């Protein structure tokens, strides 16, 4: 008797952007709707995970290799697995390592980007211009280099430590006294130019928290 072959599932790394369901890409929303398992960053809002109506929601815990192994295991059981990432997928170093781990398996995977910090700043009415720097500061960062970065500095961070992040940036370059605007819990805008203000306070409304700060 021939044993039936198990159908192998698929993994999708999906960027949740700034955490507003209305700012998800269409493909991201479709992936969530089709998911049977969602492995999510803890700071992705429930408004986003709620779009995965038929999925089991699991937190992404452990080292990147462990998370990658759990994704591959679920996919090999025939499930469509969404790895839901706050912000954009390829700007988070741990998630990049997860993706590299998955790529060493035979499981097929997709990368579905989320809105970047620059896009969210534009949505809030901030003109970032052609010269700007985006930094994910959830982990260690080279503050001396960031302080010397040209143009506007967009800091991507988890909720709760943007104030400390801004203080570290300023202490690394004390001669600069940037105007600081905060949009939601995940995006801080540091600029040496007073003109870098939202077009209106209504447009610069609060955005939900995001690990990547977009």
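Please treat every number below as a calculation from the coordinates, not as lab data. Just so it is clear, the model here is predicted, and its values are computed rather than measured.
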Discussion item. Quick one: the Cα spread of the stretch 44-91 along its three principal axes, in angstroms, biggest first?
Written reply: 27, 27, 17
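Relative contact order, percent, of the stretch 4-84 when contacts are C-alpha pairs under 8 Å separated by at least 6 residues?
Rounded, it is 48 percent for the stretch 4-84.
In terms of the ratio Rg/(2.2 N^0.38 Å) built on C-alpha atoms, what value belongs to the stretch 13-137?
Relative to the 2.2 N^0.38 Å estimate, the stretch 13-137 comes out at 1.06.
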